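Structure record follows, encoded as structure tokens.
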Amino acid sequence: MIGATGIAGRHIAQELARRSDWDVVGVSRRPLDIEAEVAHLPVDLLDRSAVATAVGGLDGVTHVFHCGYVDRPTRQELVEPNVAMLRHVLDAVEGDGALQHVNLMEGTKWYGSHLGPFRTPAREDDPRHLPPNFYYDQQDLLASRADAGGWTWSAARPHAICGYAEGNAMNIVMVVAVYAAILRELDLPLRHPGSPANADALYNVTDAQLLARACAWMATEPSAAGQAFNITNGDAFRWRHLWEVVAEHFGMEIAEPRRTDLVEAMSGQAPVWEAIRRRHGLRDTPYERVVSWGYGNAVFGAEHDIVSSTIRARQLGFADCLDSQDMFAEHLRRLADDGIIP
């Protein structure tokens, strides 16, 4: 499990560890905080020799789930390091001939969701947009290596993964929860921080546990080999309606949407969050590691539909689905029970 401390990798590792026929090794730079039997292998994936020594020292690796990611300022700068990490892992695990399958974590940015309006619902066979896009380079590398090595591959394309992993920047549940908690502390109404167009656009998300089950399915289902799959909860919603779930959890009134730069408005609210944390006895996690307001700006800045078709996975047998409003309510309850949010 490559990238085992991220929101996707953490849940995949937990899902596999719950199954009696998997021995799971989590690879990450940071220590694991997983409540499951997962061995930890600390390594910097950008260091080719370190990966060769650490990962290459594992005997009989049959399946790799690659969720490793390193951020860079521009789309072009994302390509080289993220492709290099995947290449280093493949170089390390192919040696003893045990490898059977590699599952790659991608996302809806494959379709250009971050660039502006795109064809929706997105289908896995939609044409690529104008590069750069490191997903393209990773998948091309994966497919060519699989053909040459005699093993198979698959790729998951979720959107807005919902779960919890401390320090993970791309977690919309935590953005929503911390934003609402701070507004309540300041005696302000709950207000959608995007434009009215953003509030009314169709949107879909992916529960992290559902995604983990989907990746395990892809890696073991012969008919899924050599394909990418959109993985979402299977429904779509409008943020205007989703805030009703959040308001109910926090006991707040809802006001009309107002476009807000979350980085500017929320980055200075650490003292407010600290007061909330102390009063409710929440985990002592530094404010800057609790949530990424830049990610919130990205989610609430788009004014176009972001919806993917999941028919390909359903036709081949993976039919798991969730009601996204129910999912948000459950995540908020679970985060509160775990002492992460009030």
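For segment 138-198 versus segment 48-102, the spacing of their alpha-carbon centroids is 22 Å. Taking 7 Å steps out from each Cα toward its Cβ at D44 and A148 produces label points 2.7 nm apart.
Scalar couplings 3J(HN,Hα) for segment 325-338, obtained by applying the Karplus form with A = 6.51, B = -1.76, C = 1.60 to θ = phi - 60°, are 5, 4, 5, 4, 4, 5, 5, 5, 4, 5, 5, 5, 4, 8 Hz; x denotes Gly and Pro. Relative to the longest principal axis of the C-alpha atoms of the chain, give the angle of the C-alpha long axis of helix 172-185, reported between 0 and 90° and rounded to the nearest 10°. With rounding to tens, the tilt is 20 degrees. Of the GluC sites (Glu not before Pro) found in segment 204-258, those that fall in a DSSP loop while having at most 14 other beta-carbon atoms within 10 Å are E253.
Each Lys and Arg contributes +1 and each Asp and Glu -1, all at the Cβ; summed about the Cα centre of the chain, the dipole is approximately 400 debye. Think of a 1.4 Å ball rolled over the protein heavy atoms: the chain then has 44 Å² of accessible area per residue. Between amide H atoms placed 1.01 Å from N, distances below 5 Å from V102 occur with V64, T152, W153, S154, all of them 5 or more places distant or on a separate chain.
Extension gain, R289 to A197: 0.36 nm times the residue separation minus the Cα-Cα distance gives 30.1 nm. Which of rounded, prolate or oblate describes segment 20-61 when judged by the alpha-carbon gyration tensor and an a/c cut-off of 1.5? Oblate, since a/c reaches 1.5 and b/c is not below a/b.
Classify the chain as rounded, prolate or oblate from the Cα gyration tensor: take a ≥ b ≥ c as the square roots of its eigenvalues, call it rounded if a/c is under 1.5, otherwise prolate when a/b beats b/c and oblate if not. In terms of gyration-tensor shape, prolate. Apply the a/c threshold of 1.5 to the C-alpha gyration tensor of segment 236-282 and tell me whether it is rounded, prolate or oblate. Verdict is oblate for segment 236-282. Annotation: amide H of S292 within the under-5 Å range of N171, sequence separation 5 or more or interchain, hydrogens built in the peptide plane.
Beta bridges from DSSP with both residues in the chain: antiparallel share about 5 percent, rounded to the nearest 5.
FRET efficiency for the S267 to L58 pair, using the beta carbon distance and R₀ = 25 Å, is estimated at 0.05. Across segment 238-252, coupling constants 3J(HN,Hα) worked out from phi with the 6.51/-1.76/1.60 Karplus curve, θ = phi - 60°, read 10, 4, 3, 8, 5, 4, 4, 5, 5, 4, 5, 4, 8, x, 10 Hz, and Gly and Pro carry x. Protein heavy-atom surface of the chain, 1.4 angstrom probe: 47% of the accessible area is carbon and sulfur, with nucleic acids and ligands not counted.
Per-residue Karplus couplings for segment 82-90, computed as 6.51 cos²θ - 1.76 cosθ + 1.60 with θ equal to phi - 60°, are listed in order as 6, 5, 4, 4, 5, 4, 4, 5, 4 Hz, Gly and Pro entered as x. When only the Cβ of Lys, Arg, Asp and Glu is charged (+1, +1, -1, -1), the dipole of segment 1-142 relative to its Cα centre reaches about 500 debye.
The values are calculated or read from the model by the stated rules, or taken from the named source; none is laboratory data. This is a predicted model, so every value here is computed, not measured. Heads up, the Cβs are rebuilt from the backbone with ideal geometry, glycines too, and the neighbour counts pull from every protein chain shown. Only protein heavy atoms, including side chains, enter the accessible area calculation; ligands, DNA and RNA are left aside. Shrake-Rupley method; radii C 1.70, N 1.55, O 1.52, S 1.80 Å.
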